[in-house]
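Chemist: Next up is a structure, given as structure tokens.
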Amino acid sequence: MSSVVGSDWEAVIGMEVHVQLATRSKMFCGCATDYLGKPPNSNVCPVCLGLPGTLPVINRKAVELLLKSALALNCEIQEFTKFDRKNYFYPDLPKGYQISQYDLPMSRNGWIEVAGKRVRITRVHLEEDTGRLVHAGDSLHSGGVSMVDLNRSGMPLMEIVTEPDLRSAADARDYAVELRALLRTIGASEAEMEKGHLRAEANVSLRPRGSEQLGVKTELKNINSFRALFRAVEFELKRQAEVLESGGQVVQETRGWSEAEQRTVTQRSKEGAEDYPLLPRAGPAAPELRAGLHRGASRLAAGAAGSAPRAPCRRAGTVRVRRRPDHGRG
Amino acid sequence: MSGALTSLTIAQMHDRLTRREVSAVELLDAHEERIDAVDGGIKAFLRLTPDLARGQAEAADRRLAAGDGVHALTGIPLAIKDVFCTQGVETTAGSRILAGFISPYDATVVARLRQAGAVFVGMTNCDEFAMGSSTENSGYWPTHNPWDPTRVPGGSSGGSAAAVAAGMAAFALGSDTGGSIRQPAALTGTVGFKATYGRVSRYGLIAFASSLDHVGPFTRSVDDCATVMATIAGHDPLDATCFDRPLDLDRVGAGIKGMRLGLPREYFEVAGMEEGVQRSVGDALEVLKEAGAELVEVSLPHTDYGLAAYYIVAPAECSSNLARFDGVKYGLHDPGAESLLANYLNTRREGFGPEVRRRLMLGTYALSSGYYDAYYLKAMKVRTLIKRDFDEAFARCDAIVSATSPTVAFKIGEKTGDPYAMYLCDVLTLGADLAGLPGLSVPTAAAGGLPVGLQVVSPQFREDLALQVGRAYEQASGITAEVARL
Ligand SMILES: [Zn+2]
């Protein structure tokens, strides 16, 4: 099937999957989540526009869905969790930071069975999505402009990260298929890859068979279907094997899958990103998000444990979330 | 006539309004006349909102005529610090970077005051993004102290303090992150108060340092302060740190007989304490004793580290909070920038003043990888120790009293060249912000013709105790917040 299979090289693949959660409102405000097809910047409010003075309020339903997912993935629910700020400048990021989770994600250390093998889950955490840039005109010349659409800004995302336990392109695809089935079963997400509900990124590297050390990896993006995932990983494994066999070295980089060319290509960093050498850095944890998580009434984890279809709950934490005013609709 | 009207307390104005001795429109007219007469020299307001005010005053008069739904603040002229988003009004946080930003929404406190029927006279000057202690860091102009226009009104809420002290508004909104309400209240002879962290919603307050920002009023009496607090305090579903607990102010007038007041040794030995301030506060303590309070010495041993911790935590938080001002969505923008980076750099270089840029750099450094643990985390640990200091002190007393500011109002320009001297202005106030505790400043006897403030800090959730002490002092001393003759 693959030039790599049976060769001297072993594939080492880990996955990072962003899942758009099936909530009715955004992660930290009351805007609807069905923004597709709406005119640009029509599905927004002061909070997801990042206007001065606004504050985030956690969507309880998003936390519930994350906990359900984490339990279904056999994860440990953490007793203390918090949100952090990932600070960087980019026009699709209205606050100048993304609210995400760094050192204390909601859950860790799970596993999922894929084709009879266990794939370890490193962590499952919550974050918010960015807006989108729409490039118009000729970006190579001065006439080109980029327009910002913030309809997607603040959409609830769950990030699921695996250990590098996958060994082939088929493994990677099977994992994603299995994950989608699980998320649909518990109602956490519609998980349509083509609609961007499930965005898979694969970290791919090769090492000499028998070696315990990890090789240099590339990160594959822009994968919009299971087939694309399989082909992108397959292509990348071949490419890396050729590089290594010709005595070269794999460059650590992000590569995008080109559907048209059926190959991975070095991804130009974000439009103009090379222009600003400002690295993401951790911002202080937002106090309103600590308070939102740890005060309040319901014991969501316990509730989620009761309703999860599979998943023995090893340690139900006491993540508490207060109800938002605008979240009657969840 | 107009002079008399602009010197009244909220309670007195309310009384006259409900007895129909004066209309809300007349009250507004009197304040607008006063502003015309004196604000050219004081410069408390960044912008006036005459059309909005007139509409609100007329609506208040209709409400008063109908006698229906009249609130204690209906028809009362209010000045709003430029950090509170006010719907339909340019709101800039005293910064050039937000010039032209007309807020499409009301901060929760602004919405509550709008609903109560207060009349919004205008937006007041402040240090840019509330960073400063003299209002000299405003991106527009400095504000002058109504008691001596060659001196500062304190800061960062200096415009709000000056507006109340000069009779240009009956009350004003301020924000207090390191002392930005209490210090200007002391320097202008007004009553300034900030409650427990989370008592008043921060939604719509343009953030400086999220874990330190507090909202509160300037008034001319402690009773007025309680009236405003009762209106603006309380749970807000839009601010998850805003707690749901009743604010009980019934006993504010109960006197202080038998109350134990703690005098923190460190607050009385602070460097740079002026003799005039010491004398005025010493006299105030005698008054409190005569009114029946027992004075006990307490200790806040980590006071010395407070300033250092504050100047790590506040800049760190502001460096993240101010990232959104990038010239892409609102405010200042460089249309000629040839790249995205140039747009960011030009906008932020042009838009932010030197003090904001200094704090952004300090904060960015303190949060950068490799330094986060050494600076930010360590400062947060110091903060925990400072909270513990207060807890231990409150085991021995009901409230803590001291001077609010070690000095009276200083000359304009006196400290602008020395940021550290400016930072020392907050040495007695920032502890209550780090610990999230209620803090009040009430005027005591003037020193050399300049106002002095007594600070009262009370335990978490016990706003009533601070106000009770302030009210008792006001009664026993006969010293009340006066309007400066100008
Ligand atoms: Zn929104």
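Chemist: Could the peptides B:308-314, B:371-377 be put in order, highest first, of the mean number of other beta-carbon atoms found within 10 Å of their residues?
Modeler: The most tightly packed comes first, giving B:308-314, B:371-377.
Chemist: Considering the Cα trace of chain B, what is its radius of gyration and what is Dmax, both in angstroms?
Modeler: My reading of the Cα-based Rg and Dmax gives 21.1, 70 Å.
Chemist: Sticking with this structure for a sec: Mind giving me the nanometre distance, one decimal, between the label points for A:Arg24 and A:Arg118, set 7 Å out from Cα along Cα→Cβ?
Modeler: Each label point lies 7 Å from its Cα, and together they span 4.0 nm.
Chemist: In which sequence would B:Arg358, B:Arg462, B:Arg349 go, from the one with the fewest C-beta neighbours within 10 Å to the one with the most?
Modeler: B:Arg349, B:Arg358, B:Arg462
Chemist: Next question, about the same structure. Which order do the peptides A:115-128, A:181-194, B:183-196 take when ranked by the mean count of other beta-carbon atoms within 10 Å per residue, highest first?
Modeler: In decreasing order of mean packing, A:115-128, A:181-194, B:183-196 become B:183-196, A:115-128, A:181-194.
Chemist: Which order, highest average first, do A:20-32, A:53-65 follow once you tally other Cβ atoms within 10 Å for each residue and take the mean per peptide?
Modeler: A:53-65, A:20-32
Chemist: Quick one: work out the % antiparallel among DSSP beta bridges in the protein assembly as shown, nearest 5.
Modeler: Of those bridges, close to 80 percent are antiparallel.
Chemist: Determine the calculated [θ] at 222 nm for chain B from helices alone, applying -39500 (n - 2.57) to every DSSP H run no shorter than 4 residues and normalising by the residue count; nearest 500 deg cm²/dmol.
Modeler: About -12000 deg cm²/dmol.
Chemist: Please compute the length gained on full extension between A:Ser146 and A:Arg132, using 0.36 nm multiplied by the number of residues separating them and subtracting their Cα-Cα distance.
Modeler: Separation in residues times 0.36 nm, less the Cα-Cα distance, equals 4.1 nm.
Chemist: Can you give the charge dipole size of region B:283-405 about its Cα centre, rounded to the nearest 20 debye, using +1 on the beta carbon of Lys and Arg and -1 on the beta carbon of Asp and Glu?
Modeler: Here region B:283-405 has a charge dipole of around 700 debye.
Chemist: Just checking the output field for A:85-92: average partner chain Cβ neighbours within 10 Å of each residue's Cβ?
Modeler: Mean partner shielding for this stretch: 4.
Chemist: Of B:Gln115, B:Leu52, B:Gly94, which is farthest on the positive side of the dipole of region B:1-145, counting Cα position, with +1 on Lys and Arg Cβ, -1 on Asp and Glu Cβ, and the Cα centre as origin?
Modeler: Most positive-ward Cα: B:Gln115.
Chemist: Now for a different question. List B:Thr303, B:Thr150 from most exposed to least, where exposure is judged by having the fewest other Cβ atoms within 10 Å.
Modeler: So the ranking, lowest neighbour count to highest, is B:Thr150, B:Thr303.
Chemist: Write down the percent of antiparallel bridges among all DSSP beta bridges whose residues are both part of chain B, to the nearest 5.
Modeler: 65
Chemist: For the protein assembly as shown, what is the charge dipole size about the Cα centre, in debye to the nearest 20, if Lys and Arg each add +1 at the Cβ and Asp and Glu each add -1 at the Cβ?
Modeler: Taking the Cα centre of the protein assembly as shown as origin, the dipole is about 2100 debye.
Chemist: Mind jotting down the distance between the C-alpha centroids of region B:375-393 and region B:196-233, whole Å?
Modeler: 23
Chemist: Here's a follow-up. Quick check for me: using +1 on Lys/Arg Cβ and -1 on Asp/Glu Cβ, what's the dipole size of chain B about its Cα centre, in debye to the nearest 20?
Modeler: Computed charge dipole of chain B: roughly 440 debye.
Chemist: Moving on. So for region A:185-268: antiparallel DSSP bridges make up what percent, rounded to the nearest 5?
Modeler: About 65 percent, rounded to the nearest 5.
Chemist: Could you work out the Kirkwood radius for region B:149-278, taking every pair of different alpha carbons, averaging 1/r and inverting it, reported in Å?
Modeler: Hydrodynamic radius (Kirkwood, Cα pairs) of region B:149-278 is 16.1 Å.
Chemist: If you count, for every residue in B:313-326, the Cβ atoms of partner chains within 10 Å of its Cβ, what is the mean?
Modeler: 5
Chemist: Test of understanding: what is the full-extension gain from B:Thr384 to B:Leu345, defined as 0.36 nm times their sequence separation minus their Cα-Cα distance?
Modeler: Extra length available between B:Thr384 and B:Leu345 comes to 10.4 nm.
Chemist: Another question about this same structure. Give me a single rounded figure for A:96-103: the average over its residues of other chain Cβ atoms within 10 Å of their Cβ.
Modeler: Taking all residues of A:96-103 together, the mean is 2.
Every number in this text was worked out from the coordinates using simple rules, so none of it is lab data. Everything numeric here is computed off the predicted structure, so don't read it as measured data. So basically every Cβ, Gly included, is an ideal-geometry build from the backbone, and we count neighbours across all protein chains shown.
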